1. Being away from every other protein chain (no Cβ under 14 Å), assigned to a loop (DSSP other than H, G, I, E, B) and touching a residue at least 24 places away in the same chain (Cβ under 8 Å) is the filter here; which residues of the range B:307-362 pass it?
2. Considering only the range B:382-399, state which residues are free of Cβ contacts under 8 Å to residues at least 60 places away in the same chain and within 11 Å of another protein chain (Cβ to nearest Cβ).
3. Does B:L58 fit the bill of being surrounded by 14 or more Cβ atoms within 10 Å (Cβ to Cβ), in contact with a helix residue (DSSP H, G or I) (Cβ under 9 Å, 6 or more places away or on another chain) and of a type in the set (A, V, I, L, M, F, W, C)?
4. Among the residues of the range A:1-31, which ones are free of Cβ contacts under 8 Å to residues at least 12 places away in the same chain, more than 9 Å from every other protein chain (Cβ to nearest Cβ) and part of a loop (DSSP other than H, G, I, E, B)?
5. Please work out which one of (1) at pLDDT 90 or above; (2) exposed (fewer than 15 other Cβ atoms within 10 Å of the Cβ); (3) polar (S, T, N, Q) is the condition A:N31 fails and give its number.
6. Does B:I179 satisfy the condition of being out of contact with any His (no Cβ under 7 Å at 6 or more places or on another chain) and more than 14 Å from chain A (Cβ to nearest Cβ)?
7. Under the condition of being over 25 Å from B:T124 (Cα atoms) and out of contact with any Ser or Thr (no Cβ under 9 Å at 6 or more places or on another chain), which residue from the range B:137-174 is surrounded by the most Cβ atoms within 10 Å (Cβ to Cβ)?
8. Kindly evaluate B:K388 against the criterion of being within 30 Å of A:D58 (Cβ to Cβ), surrounded by fewer than 21 Cβ atoms within 10 Å (Cβ to Cβ) and at pLDDT 90 or above.
Amino acid sequence: MRKLLLIINTVLENRGKAAVATINESSSLKNDLGLDSLDLAELTVRIEAEYDVDIFEDGIVTTVGEILKKLS
Amino acid sequence: MDKIFYSDIRSGKSLTYRQLIEDIQNKTTYSPYCKSSDFYVVFQNIIQSLFLEKEIVLLDSDFTDAEVKNLVGEVDITKSEPVALEKQITEDDFLELLNCKTGTWLITLFTSGTTGLPKKVSHTFASIARQVKKSDRHIDDVWGFAYNPTHIAGLQVLFQALVNRNSLIRLFGLDSSEIVNEINSKGITHISATPTFYRLLLPPIGTCPTVKRLTSGGEIFDEHTLQQLASLFPNAKLTNVYASSEAGTLLASKGNEFVIKEDIKDKVCIKENELLIHRSLLGQSTSFNIDGEWYHTGDLIEVSCQDPFTFHFISRKNEMINVGGYKVNPTEVEKYLRECLGVLDASVYAKVNRIMGSVILCDVVRENDRVTEKFIREQLQAKLQEFKIPRVIKFVEQLNVTRTGKILRK
């Protein structure tokens, strides 16, 4: 979870958005964390570089919990 | 009845056709350059330019000063001239007047060029509105507006709605739940959008039974995505269109197969698997790659039937990268990267991405390790629109050594 938080904050800060202090499984990527489509695209690239998993392979994921499930 | 022209929950605006006409009538100045993040302002300026029969130049609201300077030169884009409309417009003669003003009117927009900088393309009313259909069948259409109004696809939706006096409801830039709410509360019947727009609505968070027609362009949807779209829009037919900033909408397909219609049969041809379009279908520009009478689209196709002539798209011949429906020229991005402090050389390429179609990545050779990704990105933000900025900057000792089969520069 901590590593994922770091990746999410890298994406947010890259676009001049405020970093978030915590995330939980139910956090919505779009509505709670404020990630837009460009941010989500960047997130997939950074997660794939770190974990070698394409989180959107079987469709769009919308929450932190769904990402963690793909990475487990 | 006072029909809504444009409704926008982001700006809180909801304006009727009567207000639109009043606002245009009351304008006392005209500026040929239009750069505004307020969609209503852009729409108003376009319609005003039509009534005045003056050329209008559309600039994306997020163009940086450096980009504007590169595109239009050292001109003051805020400069305006005093104007007055010749006669009073009423709601009844609005459309009639609009139609007879289209003769010498030109609209200019910018599209990513193949050799470096974006290129200028000017359209007449005839070329931009080629696929616009006016009929009683369309009187009750309600359009979801899901494009940037300075891009050709957005203009085509604007004109389709205008000539049938339909309402435009902003969907561009909204969250998926807001989009579904707007579609259902406003009874939207038609949406034209990029594949990325549709993909971000999935998996479906409700249903939108009022939508009858979905239009998309560019990429092919896979079966799983098509099924999810069908559950979100149970009553909608999906049409894929082939359009470009150079030519406007040319072809429409059912599913992924395009059939060339009789009326443009002689104006489309295939050479070495590339789709060529006759120059008579194009807007005006000095920078088109014209071979005699034919424009090379750079799109490679495969013919699936000779009669009627049917084909589907395979890939792009040139190196343009499609980011969520917007074309990005890697050569242009590389040019700006090399101008950044601390950057010695750069290589820009695409990676296939399920959300955006492609994302832009780059390899950079830097002067020293104090040059960070953030430092380069901040410099690029002053020079380039956000969608053109590489999502990940990777530092390398030399270029071209890290490209793998997964990382393609198309």
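The values are calculated or read from the model by the stated rules, or taken from the named source; none is laboratory data. Values in this document were obtained by computation on a predicted structure and should not be read as measured data. Using ideal geometry, Cβ is built from the backbone for each residue, glycine included, and neighbour counts are taken over all protein chains shown.
1. The answer is B:P308, B:F309, B:K317, B:N318, B:E319, B:M320, B:N329, B:E339, B:C340, B:L341, B:G342.
2. B:I389, B:P390, B:R391, B:V392, B:I393, B:K394 - these are the residues of the range B:382-399 that are free of Cβ contacts under 8 Å to residues at least 60 places away in the same chain and within 11 Å of another protein chain (Cβ to nearest Cβ).
3. Details: surrounded by 14 or more Cβ atoms within 10 Å (Cβ to Cβ): yes; in contact with a helix residue (DSSP H, G or I) (Cβ under 9 Å, 6 or more places away or on another chain): yes; of a type in the set (A, V, I, L, M, F, W, C): yes.
Here the answer is yes, as B:L58 does meet what is asked.
4. Listed by number, the residues that qualify are A:A18, A:A19, A:A21.
5. Of the numbered conditions (1) at pLDDT 90 or above; (2) exposed (fewer than 15 other Cβ atoms within 10 Å of the Cβ); (3) polar (S, T, N, Q), the odd one out for A:N31 is (1).
6. no
7. B:L171
8. Numbers: within 30 Å of A:D58 (Cβ to Cβ): yes; surrounded by fewer than 21 Cβ atoms within 10 Å (Cβ to Cβ): no; at pLDDT 90 or above: yes.
The answer is no for B:K388.
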